[in-house]
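S.K.: The structure under discussion is supplied below as structure tokens; questions concerning it will follow.
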Amino acid sequence: MSASSTLPPFDPADPLGIDDLLDAEDLAVRDTVRSWAADRVLPHIAGWYESGELPGIRELARELGSIGALGMSLSGYGCAGASAVQYGLACLELEAADSGIRSLVSVQGSLAMYAIHRFGSEEQKQRWLPRMAAGEVIGCFGLTEPDHGSDPASMRTHAKRDGGDWVLNGRKMWITNGSVAGVAVVWAQTEDGIRGFAVPTDTPGFSAPEIKHKWSLRASVTSELVLDDVRLPADAVLPGVTGLRGPLSCLSHARYGIVWGAMGAARSCLEAAVDYAKSREQFGRPIGGFQLTQAKLADMAVELHKGILLAHHLGRRMDAGRLRPEQVSFGKLNNVREAIEICRTARTILGANGISLEYPVMRHATNLESVLTYEGTVEMHQLVLGKALTGLDAFR
Ligand SMILES: Cc1cc2nc3c(=O)[nH]c(=O)nc-3n(C[C@H](O)[C@H](O)[C@H](O)COP(=O)(O)OP(=O)(O)OC[C@H]3O[C@@H](n4cnc5c(N)ncnc54)[C@H](O)[C@@H]3O)c2cc1C
């Protein structure tokens with residue numbers, strides 16, 4: 001028998017055989033999320049995107065809760081206690097449907113729930129986490145301000161002591177899930193440094209007007225948070241952290257999910273491009289038979305599966321408790337940048353159809369423009385890596 005006859009067949013969907021790294025539980029998580037997205041998101045997403053809405057977001061959140069996707073890698077309090085790799089696989093499948101759905105899950109689990117789980121009091125955890133894991137309460141995470149994005153240390157939102165209470169004032173901008181949230185994790189300056197607060201959104205003085213006219217992440221709720229003399233009891237502050245380390249560690253967790261998620265958007269675009277190239281004929285034959293098209297497809301597949309391999313590597317490090325923030329920056333920088341490139345190349349293969357919402361390609365490409373900017377811009381991650389490589393801080 002020749003050596004090649006004992007080899008497994010080449011799988012165009014998994015050319016490197018990365019699935020061999022997954023166990024039965026990983027595959028079950030992936031299949032559950034993939035089939036949920038196929039049933040509940042894919043049939044509607046083009047319409048939601050076109051109208052710039054995410055109708056039924058509360059129902060979607062409850063369904064995501066029922067499949068264990070909210071706060072998935074957290075343990076206790078109704079959370080699934082999944083591995084980091086399983087959480088990553090879920091992010092990939094959700095973003096293959098749409099970055100807006102993955103954003104809903106990332107902000108809920110990796111930002112709002114993670115902050116409460118890691119830095120909250122036992123009472124705050126009991127109050128919020130079980131209902132957030134079930135999708136009954138949606139959370140948001142308010143760090144960015146109109147004048148302070150990449151440099152959150154300069155934020156102006158502040159919390160002042162008034163007797164036993166805290167009084168919050170300020171504005172947050174570009175906050176995912178803001179107008180539909182029941183609890184907002186808000187970061188504010190205090191006398192002691194930056195602190196996090198779990199703010200029930202029905203507190204007088206809190207409002208969250210939705211931001212419209214977006215050309216990216218259109219199937220995602222994005223809002224401003226307005227805090228006008230929002231009075232909170234002493235126990236609304238997250239007791240476990242002071243300083244920027246708090247929000248930055250939440251962001252590192254969410255960025256990890258993006259490392260995987262971006263590859264989902266890229267996979268969807270590559271699949272659309274391969275299908276199209278096999279059926280679209282020009283000059284009397286399928287465009288997939290032209291060498292220039294094949295070169296594009298080959299390069300897209302190489303970057304896609306390198307990116308998935310990188311995500312796996314980081315996931316295993318996270319599961320082993322060995323993932324450094326610089327490594328997350330490495331992954332986010334590479335995978336989002338490559339995902340956008342894959343989507344743009346797919347767009348060229350689809351020709352004029354590439355700009356139509358009949359195909360997922362332009363939707364993913366425009367979504368990824370937000371993904372490139374939020375959770376630390378490309379430039380911020382270059383600066384993180386530049387500092388790690390040289391020991392020189394070039395942020396200021
Ligand atoms: C759809 C969407 C959803 C979002 N959701 C949330 C959310 O839920 N919660 C939240 O808190 N925020 C959220 N954000 C905000 C996001 O995190 C910020 O947009 C991001 O941090 C960048 O901030 P900025 O837009 O103010 O850009 P700026 O910080 O003003 O940056 C503008 C440009 O200048 C560059 N730049 C800045 N400083 C330097 C430097 N030192 N050296 C080199 N270049 C530099 C940046 O890289 C960028 O290219 C969201 C954003 C979007 C678009």
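The values are calculated or read from the model by the stated rules, or taken from the named source; none is laboratory data. Treat the numbers as computed from the prediction; the structure is a model and nothing was measured. FYI the Cβ positions are ideal-geometry reconstructions off the backbone, even for glycines, and counts take in every protein chain you see.
S.K.: Mind telling me which of the residues Val221, Val241 ends up being β-branched (Val, Ile, Thr), more than 22 Å from Val33 (Cβ to Cβ), at pLDDT 95 or above and touching a strand residue (DSSP E or B) at 6+ places or on another chain (Cβ under 8 Å)?
M.R.: On inspection, the qualifying residue turns out to be Val241.
S.K.: Have a look at Leu357, Leu385, Leu333 and point out the one that is outside any helix (DSSP H, G or I) and either touching a Cys at 6+ places or on another chain (Cβ under 8 Å) or touching a residue at least 24 places away in the same chain (Cβ under 8 Å) (or both).
M.R.: Leu357
S.K.: Consider the stretch 261-280. How many of its residues are surrounded by fewer than 21 Cβ atoms within 10 Å (Cβ to Cβ) and part of a helix (DSSP H, G or I)?
M.R.: 6
S.K.: Something else: Could you tell me which of the residues Leu350, Leu310 is under 27 Å from Ser216 (Cα atoms), touching a Phe, Trp or Tyr at 6+ places or on another chain (Cβ under 6 Å) and away from the ligand (no atom under 15 Å from the Cβ)?
M.R.: Result of the check over Leu350, Leu310: Leu350.
S.K.: Answer yes if at least one residue in the stretch 246-259 is among the hydrophobic types (A, V, I, L, M, F, W, C), more than 15 Å from the ligand (Cβ to nearest atom) and closer than 30 Å to Ile308 by Cβ, and no otherwise.
M.R.: Pass one, the stretch 246-259, residues among the hydrophobic types (A, V, I, L, M, F, W, C): 248, 250-251, 254, 258-259.
Checking the rest, the ones that are also more than 15 Å from the ligand (Cβ to nearest atom) come to 259.
Okay, now just the ones that are also closer than 30 Å to Ile308 by Cβ, so 259.
The answer is yes, given that some residue of the stretch 246-259 is among the hydrophobic types (A, V, I, L, M, F, W, C), more than 15 Å from the ligand (Cβ to nearest atom) and closer than 30 Å to Ile308 by Cβ.
S.K.: I would also like to ask the following. Give me the residue from the stretch 106-125 that is among the polar types (S, T, N, Q) and crowded, with 21+ Cβ neighbours inside 10 Å and, out of that set, farthest from the chain's Cα centre (by Cα).
M.R.: Here the residue is Gln124.
S.K.: Just checking: which of the helices (runs of 4 or more DSSP H) contained wholly in the stretch 54-173 hold 2 or more residues that are within 12 Å of the ligand (Cβ to nearest atom) and under 25 Å from Leu227 (Cβ atoms)? I'd like the intermediate steps shown before the answer.
M.R.: Values: elements: 57-66, 84-97, 99-106, 114-119, 122-133.
Hits in the stretch 54-173: 99-106.
S.K.: Let me ask you something else. Residues of the stretch 204-232 being part of a strand (DSSP E or B) and within 13 Å of Trp174 (Cα to Cα), which ones? Break it down stepwise before answering.
M.R.: The first filter runs over the stretch 204-232 and keeps only residues part of a strand (DSSP E or B), leaving 206-207, 210, 222-232.
Correct list: Glu210, Thr222, Ser223, Glu224, Leu225, Val226.
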